[in-house]
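The values are calculated or read from the model by the stated rules, or taken from the named source; none is laboratory data. The structure displayed is predicted, hence computed values, not measured ones. Don't worry about glycine lacking a Cβ; one is built from the backbone with ideal geometry, like all the others, and counts go over all protein chains shown.
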Amino acid sequence: MPSRWRTRLTALADVEALPGQSRRRAGRDVLIPAALACRANEAIRIRHRRHDTADATPTDVQPHRLVTLHRRWFLVACPRRATRWAVYALDRIDHVQPLGTHFPVPEPPSDAAAFVSDTLAHGHGGTASACGCTRQPTSSASSSTRASPP
């Protein structure tokens, strides 16, 4: 396998999922660069569309982890100069641009899958559809599983 593809596929091994949850496909032009940025701890600029608008807004974020939940992909990331982590639905992101840097962020959630689940359940940030929900990470008793490498 060419090293270029090995790197991309290996980056997807860092995806988290709650036990028993199936994965839904996300566009490769969003999924692969987001996974690579999580793996490299590299900031990215995303164009993200909130659930209540058709316009995508550019946002610089420091990605932490990709998570699948309820057949959807989510990105746990911290926007530049923010004090809280956010959850972004990958199906609402239409572009990912690596920035070649990283910026300081608060301590990331220890369990990204539980963080996404809790964020969606409680509708933090005024929306329960994960279109930029934000909250402070907390410890959780929920367990998550890490996808095994290909």
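Where residues in segment 23-34 are surrounded by fewer than 20 Cβ atoms within 10 Å (Cβ to Cβ) and under 18 Å from Arg4 (Cβ atoms), which of them is modelled with the lowest pLDDT?
Arg28
Out of curiosity, is Arg47 part of a strand (DSSP E or B) and either in contact with a His (Cβ under 6 Å, 6 or more places away or on another chain) or farther than 21 Å from Thr7 by Cβ (or both)? It is true that Arg47 is part of a strand (DSSP E or B) and either in contact with a His (Cβ under 6 Å, 6 or more places away or on another chain) or farther than 21 Å from Thr7 by Cβ (or both). The one condition from (1) closer than 27 Å to Arg6 by Cβ; (2) surrounded by 17 or more Cβ atoms within 10 Å (Cβ to Cβ); (3) out of contact with any Pro (no Cβ under 9 Å at 6 or more places or on another chain); (4) not β-branched (Val, Ile, Thr) that Gly100 does not meet is (2). Restricting attention to segment 50-74, the residues that are part of a strand (DSSP E or B) and either within 16 Å of His95 (Cα to Cα) or among the aliphatic types (A, V, I, L, M) (or both) add up to 13. For segment 127-136, the count of residues that are within 21 Å of Arg47 (Cβ to Cβ), modelled with pLDDT of 90 or more and either in a loop (DSSP other than H, G, I, E, B) or among the aliphatic types (A, V, I, L, M) (or both) is zero. Taking segment 75-115 as the range and being part of a helix (DSSP H, G or I) and over 21 Å from Ala56 (Cα atoms) as the test, the residues that pass are Ala112, Ala113, Ala114, Phe115. Within segment 27-44, if we keep just the residues that are assigned to a helix (DSSP H, G or I), of a type in the set (A, V, I, L, M) and in contact with a Pro (Cβ under 7 Å, 6 or more places away or on another chain), the residue that is nearest to Arg92 (Cα to Cα) turns out to be Ala34. Taken residue by residue, segment 35-54 has no member that is β-branched (Val, Ile, Thr), over 18 Å from Gly123 (Cα atoms) and at pLDDT below 95. Somewhere in segment 47-62, is a residue among the hydrophobic types (A, V, I, L, M, F, W, C), more than 21 Å from Ala82 (Cα to Cα) and either in contact (Cβ under 8 Å) with a residue 12 or more places away in the chain or touching a helix residue (DSSP H, G or I) at 6+ places or on another chain (Cβ under 7 Å) (or both)? No, segment 47-62 contains no residue that is among the hydrophobic types (A, V, I, L, M, F, W, C), more than 21 Å from Ala82 (Cα to Cα) and either in contact (Cβ under 8 Å) with a residue 12 or more places away in the chain or touching a helix residue (DSSP H, G or I) at 6+ places or on another chain (Cβ under 7 Å) (or both).
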